[in-house]
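Let me begin by presenting the structure, written as structure tokens, before commenting on it.
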Amino acid sequence: MLARPASTAHAVLSKKPYICQSCLRRARLAPLAPLPHPSRLPRRALQTNSQAPPKDAAPFRKLLKDAKKQKKADGLQSNTSKKNKDARLDKWELTVGIEIHAELNTPRKLFSRAATSVAGAPNTHVALFDAAFPGTQPQFQRETVIPALRAALALCCEIQEKSGFDRKHYFYQDQPNGYQITQYYEPFARNGHVTLYPHDFPGGVSPEDGPVTIGIKQVQMEQDTAKTVQQPPHTHLLDFNRVSHPLIEIITLPQIHHPTTAAVCVRKIQMILNTVNACTAGMEMGGLRADVNVSVRERNKEVVDGGHEYSGVTGLGQRTEIKNLASVKAVEDAIIAERDRQIEMVENGGVVEGETRGWTLGSKSTKRLRGKEGEIDYRYMPDPDILPIIVGKDLVEHLRDTLPMLSDAWVHTLVNSNQYGLTAKDAGTLLLLNDGDRLDYYLDVVAQLRVIFVNDPEALGRVGKTAGNWVLMELGGLFKNEEWDENRVPSDQLASIIVHIFRKQVTGRTAKVLLAKKFEGDARTVQQIIADEDLLLQPLSRDKYVGLAKDLLEEKAEMVKDIVDKQQYGKVKWFVGQMMSRSPEGTVEPATAEGVLRELMGIPPME
């Protein structure tokens, strides 16, 4: 048994209530009260230097559109799709496990009182222990456990009452001690899981036709390494600000069998960490990195000698690890490249070696970095300078009870609640876009509309879906090539536009003009623009609707014959457009016009 210095501070999170509050205060977090309103998603305020929002959602926005197009193409060209599919995938099964490293949102480092910093000048936030100064010892900062516990609870993990730190020995320029302090033998959380639903996938299309549950073996705390800045050809500069920044490593079981599933898993875990305010930033800001372990095995074939095994999963092929993937897209592309490389190697008589490989964004293949280290190579041993962490049940229950609503609960609420009534696809899109800020904006609009129409049950039943269409489609189209900024069209102004539509005070086309004016920076309120530019709907009398419609129908008698005889009802919209274009702006209401046209032609009314 290794002796532990008596001078080391006891790293115990007591079951006494005052310890819980102290830990929360030291983490600069007030105790989270129950959500005051079920329709509010908490803003994520970082405890470190302010960061720009992660931009990693951009590839997914494109994937949403691509997946929808692909789904349609699959239905129309199923025979072509079968021909283009890689036939080797019917023979070989892919297996993937993921290790996610996330920087915790804490004011201090894990084993020193130096401040955490991701934007400070190089080597300005470094304690003596961070630089491995001889004679210094680690000083465990108890408040760093709080965001780690929130993350583990959100991932449905079992929190261990006792956990400990170990030394992982290796020699590299970014690790001044010659070892990394991690949790190998006694992690603080085990046996969690994350479930991926169809709405989590681009376009709502899951490659596995249903929910996918991926087990999480453990979540462990560890210290980050220094940042290496290369100056070609031979110079490497080291920034020790990052040394001992608190990390959690989330280790999944090898239960992933599709590259898209792996990418979506990383995306969802990142979203969960952001929601519970456990992580400092997203992947593109460097706050989260992923390593993937990839192997292939032949389907429906008995494995000789039982194959390889990991955490109870047997019969696996030899795995390789791809390190430091910095985007969701990189996760998917790297897995595809490594899968294809391994299949080609085995089919050509080669043998897959256990090794660490690298991936460069945009490349078509992975490259060997070094042979794969094993447990013996790292010479794990308990750290004799750090006492075990004891986490009280009262702290765990307090944090569990005060977790904010997670993405799956939000989707359920947005889809099934009478307040919103969105489709699962639209709900999932709102959650994915802009790190949750688009959802915040949508909820603001709905809340204002519900106050305005509190005494109008018919309108209340429509505000959620209508607001969703305007936030995602009309406003989303204006932001297609620009960064999201809720101040471009404040939520109360979009709500005002929708109110005028509901009250039939403006046409849909006029409403889009109003939205564009606000987006381009018009400082006037929606109400003032309508008044100044005389955009208020001046409805025609029924006689004028009928007269205008009859003139058009007489001009296009052949088209009327096609509509009536061949039931080509879609052409009615052309007549509606003509009625609007031949009348002053804001005088023809499309629904009224179509109703009159259908009545005169003797075809079924609108559904």
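The values are calculated or read from the model by the stated rules, or taken from the named source; none is laboratory data. Just so it is clear, the model here is predicted, and its values are computed rather than measured. Cβ placement follows ideal geometry from the backbone for every residue including glycine, while neighbour counts extend to all protein chains displayed. In case anyone asks, the SASA skips ligands and DNA or RNA and just uses the protein heavy atoms, side chains included. Shrake-Rupley method; radii C 1.70, N 1.55, O 1.52, S 1.80 Å.
Tell me, please, whether a residue that is assigned by the TED database to the domain that holds Pro246, part of a strand (DSSP E or B) and closer than 20 Å to Glu208 by Cα can be found in the stretch 277-288. No, the stretch 277-288 contains no residue that is assigned by the TED database to the domain that holds Pro246, part of a strand (DSSP E or B) and closer than 20 Å to Glu208 by Cα.
Against the numbered list (1) surrounded by fewer than 21 Cβ atoms within 10 Å (Cβ to Cβ); (2) among the charged types (D, E, K, R); (3) in a helix (DSSP H, G or I), Glu186 comes up short only at (3). Answer with yes or no whether Ala121 is without any contact (Cβ under 8 Å) to a residue 12 or more places away in the chain and either open to solvent by 30 Å² or more (accessible area, probe 1.4 Å) or under 16 Å from Pro384 (Cβ atoms) (or both). When the stated conditions are applied, Ala121 passes them.
Within the stretch 526-570, being of a type in the set (D, E, K, R) and either open to solvent by less than 70 Å² (accessible area, probe 1.4 Å) or within 48 Å of the chain's Cα centre (by Cα) (or both) holds for Asp532, Glu533, Asp534, Asp562, Lys566.
For the stretch 137-171, the candidate set comprises residues that are of a type in the set (Ser, Thr, Tyr) and either modelled with pLDDT of 95 or more or assigned to a helix (DSSP H, G or I) (or both); within that set, the residue that is farthest from Arg190 (Cα to Cα) is Thr144.
Only one entry of Thr280, Thr314 meets the criterion of being touching a Ser or Thr at 6+ places or on another chain (Cβ under 8 Å) and either within 19 Å of Val352 (Cβ to Cβ) or of a type outside the set (Phe, Trp, Tyr) (or both), and that entry is Thr280. Listed by first and then second residue, the pairs with beta-carbon distance under 8 Å, at least 6 apart or on different chains, first residue in the stretch 431-456 and more than 30 Å from Ile269 (Cβ to Cβ) and in contact (Cβ under 8 Å) with a residue 12 or more places away in the chain, second buried (at least 22 other Cβ atoms within 10 Å of the Cβ) and of a type outside the set (S, T, N, Q), are Gln448/Ala495; Leu449/Val463; Leu449/Ala467; Leu449/Ala495; Leu449/Ile498; Arg450/Val463; Ile452/Ala495; Phe453/Val463. Being within 16 Å of Met221 (Cα to Cα), out of contact with any helix residue (DSSP H, G or I) (no Cβ under 8 Å at 6 or more places or on another chain), assigned by the TED database to the domain that holds Ile269 and open to solvent by 30 Å² or more (accessible area, probe 1.4 Å) holds for only one residue in Phe140, Phe165, Phe133, and it is Phe140.
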